[in-house]
Amino acid sequence: MNATNFLLCVIAASGGSVNGRTLLQKRSFFVSELTGMDAGLQYDAHFYGPFSPTVEGATTQLKNLGFLQESSTGFGLVNGGFEVRRYDYALTEDGKRLMEPLVKTQEYQRIKSAVDRVIQAGDPNYVELSLAAKAYFLLKKKGGGMQLSEFQKQAEQYNWSISPKSVEKALAFLRAVGLATTS
């Protein structure tokens, strides 16, 4: 399955819409990890955790082709005059028609199952999912468990500041979806 079809399936399996670019990135990351599907997403470390330029490009492509609708909500200005804005994505009618044959595939069923697992694990917001993605990224890179102090030291290499409470919450999410077995 290619990246655009994968992304369409993630959005469709999420009820037809996803609120926020970061949430779309992280949900796609976890669905890819849970399904083992390689859609060429090529995640790497980024400010908010694992980031895929491929997901960003596929989102833009689907929007430009009229299969996704992008809307934005402004939340005002923060210190320094920067605007806080969230971008939301929803399948258009053409996007829903494009999904009709895809929802009948085994790949879609695997993606739907993975999205459901993420949502059932507490339907984390983009911040919580970002922290969990960072934790999983570090655990996977290390090849196994880590002590909290080692975890925080590894996070600092990416300029990620993660509190002990956030680490525990992230690990609880990872255990709930079956990506971590640490105690």
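The values are calculated or read from the model by the stated rules, or taken from the named source; none is laboratory data. Predicted model only: the values in this text are computed from it and were never measured. When we count neighbours, we look across all protein chains shown, and the Cβ atoms used for this are built from the backbone with ideal geometry, even at glycine.
Going through the stretch 16-56 one residue at a time, which ones are farther than 21 Å from Gln106 by Cβ and free of Cβ contacts under 8 Å to residues at least 12 places away in the same chain?
If the condition is that a residue be farther than 21 Å from Gln106 by Cβ and free of Cβ contacts under 8 Å to residues at least 12 places away in the same chain, then Asp44, His46, Pro53 are the ones that fit.
Suppose we filter the stretch 1-20 for residues that are in a loop (DSSP other than H, G, I, E, B) and in contact with a strand residue (DSSP E or B) (Cβ under 8 Å, 6 or more places away or on another chain); how many remain?
Matching residues across the stretch 1-20 total 2.
Here's a check for you: in the stretch 24-47, which residue that is in contact with a strand residue (DSSP E or B) (Cβ under 9 Å, 6 or more places away or on another chain) and among the hydrophobic types (A, V, I, L, M, F, W, C) is nearest to Asn64 (Cα to Cα)?
Leu24
Checking the condition modelled with pLDDT of 75 or more and hydrophobic (A, V, I, L, M, F, W, C), which residue from Leu148, Leu139, Leu77 passes?
Of Leu148, Leu139, Leu77, the one residue that is modelled with pLDDT of 75 or more and hydrophobic (A, V, I, L, M, F, W, C) is Leu139.
Kindly evaluate Ser52 against the criterion of being small (Gly, Ala, Ser) and at pLDDT below 95.
The answer is yes for Ser52.
Could you list, in sequence order, all residues of the stretch 30-48 that are within 29 Å of Ser166 (Cα to Cα) and buried (at least 24 other Cβ atoms within 10 Å of the Cβ)?
Phe30, Val31
Can you find a residue that is more than 17 Å from the chain's Cα centre (by Cα) and in a loop (DSSP other than H, G, I, E, B) anywhere in the stretch 83-100?
Yes, the stretch 83-100 has at least one match.
Return a yes/no flag: does the stretch 24-35 have any residue that is under 24 Å from Gln154 (Cβ atoms) and modelled with pLDDT under 90.
no
Find the helices (runs of 4 or more DSSP H) located wholly in the stretch 105-170 whose residues include 2 or more that are polar (S, T, N, Q) and farther than 21 Å from Asp88 by Cα, and list them.
106-120, 148-156
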